[in-house]
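Undergrad: So that we are looking at the same thing, I have put the structure below in structure tokens.
The values are calculated or read from the model by the stated rules, or taken from the named source; none is laboratory data. From a predicted model like this one, the values you see are computed outputs, not experimental measurements. Neighbour counts run over all protein chains shown; Cβ positions are idealised from the backbone, glycine included.
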Amino acid sequence: MIARAEPVVEIAPIVRAHIPTEQLLAHNAFVLMKDAELSDRALFWNLRCDGFHFEAGRDSEGVYVRRHGARLVAPIRLDAGETLVAVGMMLIWEGSEVRLYVTLHISIDGVIQDPRPASPTEGIIATAPEMLAPNRLLNHVRRLALLPSHLYVSEELFQSAILETVALLQSALDSGGAHALLWDIEKDGREIVAKKPKDEPNCQLWLRTQFYQASLTKNLTFTYEPDVGSGALDVLVTGVLADGTQVRACIEMKLAHSTALEHGLDVQLPEYMNRSGTDFGIYCVLYFRCERFPHPKESLVEVEALLKSPKRLLRTSKRPRVIIVDCSLRPTPSKMP
């Protein structure tokens, strides 16, 4: 077996002093470096592990950024008599898009001039594959004390942290305008002809980006689709108690219009919990509804009553928590009566 290379974590002191490491590892974020005094060659940061690669610095070509195969460069060109004093950089990444803005601070005969952009355009844009930092890199960064390494005082507090993380999916959906990420909308020209939810694998991708922030700030490790002996669980969450004990929780996701909705709660998740050695599980249900997709026929309240009925809770010693996320599309104000 070929040994995997050790994770690479290099962060310049000027970056470490002003930019939290979790910001560099975030899925969507920006970095602002103002008036950085730089040598001709300088590494700002380099984070690399198992296909994940995020690097920025200055080389002979200019200020550069590498992100998962994409490379952006803002060239530094000086006219005769100009001296570079400092460089300002703003880097924004969101999903697959990366934007780089660089300003040059120069002096002429010792007189500081107004900053000017390194590129004549409004910024340099590239597309990079979407990729979350692997757990191996996050764990390595924690060992270097560059990420919170929170130890939970009790298993109940660990469970509360997971419940809070899943419960926040609704507010993230409502405030972030992410409904469109969970729906396939078909158009004929400008006219919408069909709306339907994305399939379960694509919905799980959205869940992963939401859980990722908790992995950065709450010292929770999310492992996706682990083989637990009776199939592939959607999410296994692990944490560490203050006494060093590792604790676990299971999360299974289902779409409310799935024909296996009740089976997932009654059979699948309890079995995954047994195989994973935990009594704590969360059944996360995504409920979709709009005027062009009237499924399931039950309302959200009715689905919740069905899944949380007292009779169902008595069927097994494992009693997963049920959290329903309303992903329904609301009519726009112009379409409302």
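Undergrad: Report, by residue number, each residue of the range 210-230 that is hydrophobic (A, V, I, L, M, F, W, C) and either assigned to a strand (DSSP E or B) or at positive phi (or both).
TA: PHE222
Yes or no, residue by residue, for (1) touching a helix residue (DSSP H, G or I) at 6+ places or on another chain (Cβ under 9 Å); (2) exposed (fewer than 14 other Cβ atoms within 10 Å of the Cβ):
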{"residue": "ASP50", "(1), (2)": "yes, no"}
{"residue": "PHE54", "(1), (2)": "yes, no"}
{"residue": "VAL65", "(1), (2)": "no, no"}
{"residue": "GLY69", "(1), (2)": "no, yes"}
{"residue": "LEU78", "(1), (2)": "no, yes"}
{"residue": "MET89", "(1), (2)": "no, no"}
{"residue": "ILE92", "(1), (2)": "no, no"}
{"residue": "SER107", "(1), (2)": "no, no"}
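Undergrad: Which of the following residues is more than 17 Å from the chain's Cα centre (by Cα) and either outside the structural domain of VAL98 (by TED's automatic domain parsing) or modelled with pLDDT of 90 or more (or both): GLY51, GLY81, GLY69? Walk me through how you get there before you give the answer.
TA: Values: GLY51 fails: more than 17 Å from the chain's Cα centre (by Cα); GLY69 fails: either outside the structural domain of VAL98 (by TED's automatic domain parsing) or modelled with pLDDT of 90 or more (or both).
Within the list GLY51, GLY81, GLY69, the selection yields GLY81.
Undergrad: Does any residue in the range 244-266 that is more than 19 Å from SER299 (Cα to Cα) come within less than 7 Å, Cβ to Cβ, of a residue that is assigned to a loop (DSSP other than H, G, I, E, B) and not acidic (Asp, Glu) six or more places away or on a different chain, and which pairs are these?
TA: Hits for this filter: ARG248/GLY277; ARG248/THR278; ALA249/THR278; ALA249/PHE280; CYS250/LEU233; CYS250/THR278; GLU252/LEU233; ASP266/ARG315.
Undergrad: Residues in the range 185-201: is at least one of a type outside the set (S, T, N, Q) and in a helix (DSSP H, G or I)? Give the steps one after another, and end with the answer.
TA: Here is the first cut: in the range 185-201, the residues of a type outside the set (S, T, N, Q) are 185-201.
Narrowing the set further to residues that are in a helix (DSSP H, G or I) leaves 200-201.
Yes, because at least one residue in the range 185-201 is of a type outside the set (S, T, N, Q) and in a helix (DSSP H, G or I).
Undergrad: Please return the ranges of strands (runs of 3 or more DSSP E) entirely within the range 1-117 where 2 or more residues are free of Cβ contacts under 8 Å to residues at least 40 places away in the same chain. Even if it seems obvious, please write down each step before you answer.
TA: Numbers: elements: 8-11, 29-36, 42-49, 52-58, 62-67, 70-75, 82-94, 97-108.
Hits in the range 1-117: 42-49, 52-58, 62-67, 82-94, 97-108.
Undergrad: Under 9 Å by Cβ, and 6 or more places apart or on different chains, what pairs join a residue from the range 296-321 that is touching a residue at least 24 places away in the same chain (Cβ under 8 Å) and β-branched (Val, Ile, Thr) with one that is part of a loop (DSSP other than H, G, I, E, B) and buried (at least 16 other Cβ atoms within 10 Å of the Cβ)?
TA: From residues that are touching a residue at least 24 places away in the same chain (Cβ under 8 Å) and β-branched (Val, Ile, Thr), the pairs are VAL303/ALA256; VAL303/PRO296.
Undergrad: Still on this structure, please answer the following. Going through the range 244-288 one residue at a time, which ones are touching a strand residue (DSSP E or B) at 6+ places or on another chain (Cβ under 8 Å) and of a type in the set (Lys, Arg)? So that I can check it myself, show each step before the final result.
TA: Just the residues of the range 244-288 that are touching a strand residue (DSSP E or B) at 6+ places or on another chain (Cβ under 8 Å), to begin with: 246-257, 260-261, 264-265, 268-270, 272-273, 276-278, 280-288.
Correct list: ARG248, LYS254.
Undergrad: Has the range 104-112 got at least one residue that is within 30 Å of GLN213 (Cα to Cα) and in the same structural domain as PRO75 (by TED's automatic domain parsing)? Give the steps one after another, and end with the answer.
TA: Looking only at the range 104-112, we keep the residues that are within 30 Å of GLN213 (Cα to Cα), and these are none.
Scanning the range 104-112 turns up no residue that is within 30 Å of GLN213 (Cα to Cα) and in the same structural domain as PRO75 (by TED's automatic domain parsing).
Undergrad: Given the criterion modelled with pLDDT under 95 and closer than 23 Å to GLU130 by Cβ, identify the matching residue among ARG58, ARG4, ARG16, ARG41. Please lay out each step first, then the result.
TA: On the way: ARG58 fails: closer than 23 Å to GLU130 by Cβ; ARG16 fails: closer than 23 Å to GLU130 by Cβ; ARG41 fails: closer than 23 Å to GLU130 by Cβ.
Going through ARG58, ARG4, ARG16, ARG41 in turn, the sole match is ARG4.
Undergrad: From VAL240, VAL228, VAL235, which residue is buried (at least 20 other Cβ atoms within 10 Å of the Cβ) and out of contact with any Asp or Glu (no Cβ under 6 Å at 6 or more places or on another chain)?
TA: Details: VAL240 fails: buried (at least 20 other Cβ atoms within 10 Å of the Cβ); VAL228 fails: buried (at least 20 other Cβ atoms within 10 Å of the Cβ).
Within the list VAL240, VAL228, VAL235, the selection yields VAL235.
Undergrad: Right, here's the next one. Which residue, of ARG208, ARG190, is in the same structural domain as PRO296 (by TED's automatic domain parsing), surrounded by fewer than 18 Cβ atoms within 10 Å (Cβ to Cβ) and within 23 Å of ARG248 (Cβ to Cβ)? Before the answer, list the steps.
TA: Values: ARG190 fails: within 23 Å of ARG248 (Cβ to Cβ).
One residue alone meets the criteria, ARG208.
Undergrad: Turning to a different aspect of this structure: Restricting to the range 149-180, and then to whatever is touching a Lys or Arg at 6+ places or on another chain (Cβ under 8 Å) and part of a helix (DSSP H, G or I), can you tell me which residue is nearest to ALA29 (Cα to Cα)?
TA: First, pick out the residues of the range 149-180 that are touching a Lys or Arg at 6+ places or on another chain (Cβ under 8 Å): 149-150, 161, 163, 165.
Going one step further and asking which of them are part of a helix (DSSP H, G or I), we end up with 161, 163, 165.
Values: ALA161: 23, LEU163: 25, THR165: 19 Å.
The qualifying residue nearest to ALA29 (Cα to Cα) is THR165.
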